[in-house]
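FYI, it's all coordinate maths here, none of it is from the lab. Every value quoted in this text rests on a predicted model; they were computed, and no experiment measured them. Every residue, glycine among them, receives a Cβ derived from its backbone with ideal geometry; neighbour counts consider all protein chains shown.
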Ligand code: S3P
């Protein structure tokens, strides 16, 4: 049984500098892209979390060689065609990113293979990738949920596709399949994180992107081979966000979080929290292989105000809303977050669980299938013990609950289950927390 965490007092004031682990989206993309090159790719600071280790075990099964030497990871891939095996089973574990991206990569895999995942991944929608991949010529045993059997196609044909959900996973799956297809694949994609585009550009792959207000037009040509990718993975803004909010909601504290990926498609949380009156600055900005990196300096912030959150931030803050809800709960006034149906499509239905946890804390809120209204109260005192069951073992539910327990005054104590869930994205979360207290 997974361990639980008990918390019965607030964190003491702190003034520290920390680092967080490597960005998950970039780590998974580095592993998958490196598996396509016959030459050696090297990464430093690769996130060693379960999601990334699942990606590594998948590409090993497909014939890639992987070596870890301290903080360095080396991959020698197979080239664009993976090794064909009979009865291949790939396990994406808890990772939607890996599950969806790897189906795109296997578009030209001519044997049938099976993709499986854990209980949480089995509940998530796969039709968003099986639908476009069928257009390339792939066939599936079923379209919606894992486990799924897929058979690729010898000569995938390029497609035109309108990606309407604003899902970077879906966009990337199509881009990867496009790389292996004849001709030009065109995607009209609702805005979402653009790490794949930046990596493709850095690798000088035949990619064109035209940006419009609400969507991008992406075209990608089929290729014959791909160069190795050497990369130093910057810190993950999603992991960093738990410490940003911890500092904002704590008394007399200051924190410098160094070397964070501040890609504009990922920093919705910074814009939202600044609008709410939080004291956050990004300093020491620099560019790295197309990505932007910086240090984040944050201070305790009182007098926070509610927000009617502009939906233009939804995509760039999608993994951070749970922790943003805590700030809304401690603000003056009523905050509103709309058009967030996608939040219920994550590792667990997070809009629903965000509301539940606020209920346990005694914070009034109204939730629908796609929106939440939070009645903030800066002086809220939790009246009873809280136990978080976290039935789908969602890492971000665990970390949000931990930050709530350390920052909201309480007459009771917290018991937060499924401590092991942090291994999904941020295995050193508790170690980092201990550095502050
Ligand atoms: C990811 C994209 C996002 C995000 C996920 C990681 C990625 O999902 O929630 O944690 O690395 O592409 P969407 O596919 O909904 O954009």
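Taking N as the residue count of the chain, its C-alpha radius of gyration divided by 2.2 N^0.38 Å amounts to 0.97. Distance from the Cα centroid of the stretch 222-256 to that of the stretch 106-178 is 28 Å (rounded to whole angstrom). Annotation: the residues 128, 350, sorted from fewest to most other C-beta atoms within 10 Å of their own C-beta, follow the order 128, 350. Spatially, the stretch 54-71 and the stretch 392-416 are offset by 34 Å when compared through their Cα centroids. State, to one decimal in nm², a quarter of the convex hull surface area for the C-alpha atoms of the stretch 54-163, i.e. the direction-averaged projected area. Its Cα hull, projected and averaged over all orientations, spans 7.4 nm². Counting only DSSP beta bridges with both residues in the stretch 144-249, the antiparallel share comes to about 70 percent.
May I ask you to sort 432, 97, 185, 172 by Cβ crowding, counting other Cβ atoms within 10 Å and putting the fewest first? Each step should come with its number before you reach the end.
On the way: 432 19, 97 22, 185 27, 172 30.
If I rank by nearby Cβ atoms, fewest first, I get 432, 97, 185, 172.
Between the helical axis of 350-360 and the longest alpha-carbon principal axis of the chain there is an angle of about 20 degrees.
In terms of its alpha-carbon gyration tensor, the stretch 184-314 comes out oblate; a/c meets the 1.5 threshold, while b/c is at least as large as a/b. Report, in degrees rounded to the nearest 10, the 0 to 90 angle that the Cα long axis of helix 127-136 makes with the longest principal axis of the chain. So the inclination is approximately 20 degrees. With an a/c value of 1.5 or above and a/b not larger than b/c for the gyration tensor axes a ≥ b ≥ c computed over the alpha-carbon atoms, the stretch 49-99 is described as oblate. Give the shape of the stretch 158-251 as rounded, prolate or oblate, defined through the alpha-carbon gyration tensor: a ≥ b ≥ c are the square roots of its eigenvalues, a/c under 1.5 means rounded, and otherwise the shape is prolate if a/b is larger than b/c and oblate if not. Cα axes put the stretch 158-251 in the oblate bin. In the stretch 357-437, one over the average inverse separation of all distinct C-alpha pairs is 13.9 Å, which is the Kirkwood hydrodynamic radius.
GNM on the chain, alpha-carbon springs under 10 angstrom: the most fluctuating residue among 322, 198, 36 is 198. For residue 284 and residue 435, the FRET efficiency from 1/(1 + (r/R0)^6), where r spans their Cβ atoms and R0 equals 22 Å, is about 0.60. Cβ-Cβ distance of residue 145 and residue 65, R₀ of 25 Å, FRET efficiency by 1/(1 + (r/R0)^6): the value works out to about 0.20. From the largest down, the stretch 24-220 spans 43, 36, 32 angstrom on the principal axes of its Cα atoms. Give the angle, between 0 and 90 degrees and rounded to the nearest 10, that separates the Cα long axis of helix 96-105 from the longest principal axis of the Cα atoms of the chain. Helix 96-105 and the main axis of the chain meet at about 10 degrees. Fewest-first ordering of 297, 231, 202 by other beta carbons within 10 Å of each residue's beta carbon gives 202, 297, 231.
Beta bridges assigned by DSSP with both partners in the stretch 24-220 are antiparallel in approximately 75 percent of cases.
Note on the chain: helix-only mean residue ellipticity at 222 nm, from DSSP H runs of 4+ residues weighted -39500 (n - 2.57) and normalised by residue number, equals -8500 deg cm²/dmol.
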